[in-house]
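S.K.: Please read through the structure below; I'll follow up with questions.
The values are calculated or read from the model by the stated rules, or taken from the named source; none is laboratory data. Given the structure is predicted, the values throughout are model-derived calculations rather than measurements. Ideal geometry is used to build each Cβ from the backbone, glycine not excepted, and the neighbour counts take in all protein chains shown. These area figures cover heavy atoms from the full protein model, side chains too; ligands, DNA and RNA do not enter into them. Shrake-Rupley method; radii C 1.70, N 1.55, O 1.52, S 1.80 Å.
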Amino acid sequence: MATVHTVQQGETLNRIARQYKFISGEKIYNHEDNAEFRELRNDPNVIYPGDQINIPDKEDKVVWGSTNQTHVFRVKRPVIETFRVRIQNKSGKPWVGKRVTLTVGGQSFDAPISGDGIVSIDLPNGDESGGELNVFMNSNSDQPTHTFEVQLGHLDPVQELSGVQARCNLLGFECGVADGIMGRKTRAGVKEFQAAHGLDVDGVPGPMTKGKLEEVYGC
């Protein structure tokens with residue numbers, strides 16, 4: 001009998017999959033029982049607290065082999081989650097080649113910023129909740145120029161107001177706390193984003209604004 005899982009803040013589909021002994025979240029996401037969930041969340045990497053996901057029953061795999069022979073079985077490794085972030089200035093220009101470090105799960109990782117501003121780091125366990133990201137603008141200094149606290153698995157879908165607020169904040173259009181409440185600060189931040197991208201400036205995150213926000217942010 002299938003289990004219904006209610007998403008909690010900080011969870012990702014791959015983390016949920018590992019909880020139920022699946023290799024990755026792909027099998028769960030694409031299962032026929034989750035058609036409604038797929039329609040609601042077209043990006044499986046961005047889900048929302050309270051979402052209902054049907055966990056299909058596990059299917060036992062039986063392999064027959066002759067006795068008195070050696071058999072080799074290859075087992076797929078679980079999908080490791082990847083930390084990905086785009087680092088750029090408010091004008092959208094990436095800080096190409098600059099060094100960043102990510103401290104998460106008791107380990108530190110060092111990586112350069114690529115030509116499109118993307119930093120991509122495989123996480124050791126895939127279940128880390130947060131960490132610290134340091135950016136070094138001066139290659140000769142051991143002191144970071146910018147330090148950011150990062151929360152993993154906490155970005156809400158752009159369809160939710162909290163997701164709009166978080167993306168605006170991270171792009172430099174200050175909306176205040178990503179609490180899902182449309183206040184004066186959120187409206188002002190949305191207006192700034194709309195003005196910067198040639199949209200109607202009304203402070204309302206409608207479909208056009210959400211679509212542009214998703215495009216600019218990357219998800």
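S.K.: Over the Cα atoms of the stretch 122-177, how large are the radius of gyration and the largest Cα-Cα distance (Dmax), in Å?
M.R.: Cα-based Rg and Dmax for the stretch 122-177 come out at 14.3, 43 Å.
S.K.: Tilt of helix 161-170 relative to the longest C-alpha principal axis of the chain, in degrees (0 to 90, nearest 10)?
M.R.: 70
S.K.: Write out the chymotrypsin sites (Phe, Trp or Tyr not before Pro) in the stretch 1-67 meeting two conditions: DSSP loop, and at most 12 other Cβ atoms within 10 Å of their Cβ.
M.R.: Within the stretch 1-67, the qualifying chymotrypsin sites (Phe, Trp or Tyr not before Pro) (loop, at most 12 other Cβ atoms within 10 Å) are TRP64.
S.K.: Where the accessible area of the chain is counted over protein heavy atoms with a 1.4 Å probe, how much of it, in %, is carbon and sulfur?
M.R.: On the way: 6550 of 13660 Å².
So the carbon and sulfur contribution to the accessible surface is 48 percent.
S.K.: Are there trypsin sites (Lys or Arg not before Pro) in the stretch 171-212 that DSSP marks as loop and that have at most 16 other Cβ atoms within 10 Å, and which are they? Don't jump to the answer; show the numbers that get you there.
M.R.: Numbers: sites: ARG184, LYS185, ARG187, LYS191, LYS210, LYS212; in loops: none.
Answer by residue number: there is no such site.
S.K.: Can you find, among THR6, VAL72, VAL46, the residue farthest towards the positive end of the dipole of the stretch 1-84? Put +1 on the C-beta of Lys and Arg, -1 on that of Asp and Glu.
M.R.: Highest projection toward the positive end goes to VAL72.
S.K.: Of the options GLY176, LEU199, LEU161, report the single residue whose Cα projects farthest towards the positive end of the charge dipole of the stretch 127-219 (beta-carbon charges: Lys, Arg +1; Asp, Glu -1).
M.R.: LEU199
S.K.: Return the FRET efficiency for the residue pair ALA195, ASP122: r is the Cβ-Cβ distance, R0 is 30 Å, and the value is rounded to the nearest 0.05. Working shown, then result.
M.R.: Details: r = 38 Å, r/R0 = 1.27.
Computed FRET efficiency for ALA195 and ASP122 comes out at 0.20.
S.K.: Which angle between 0 and 90 degrees, to the nearest 10, do you get for helix 207-217 versus the longest principal axis of the chain when only C-alpha atoms count?
M.R.: 80
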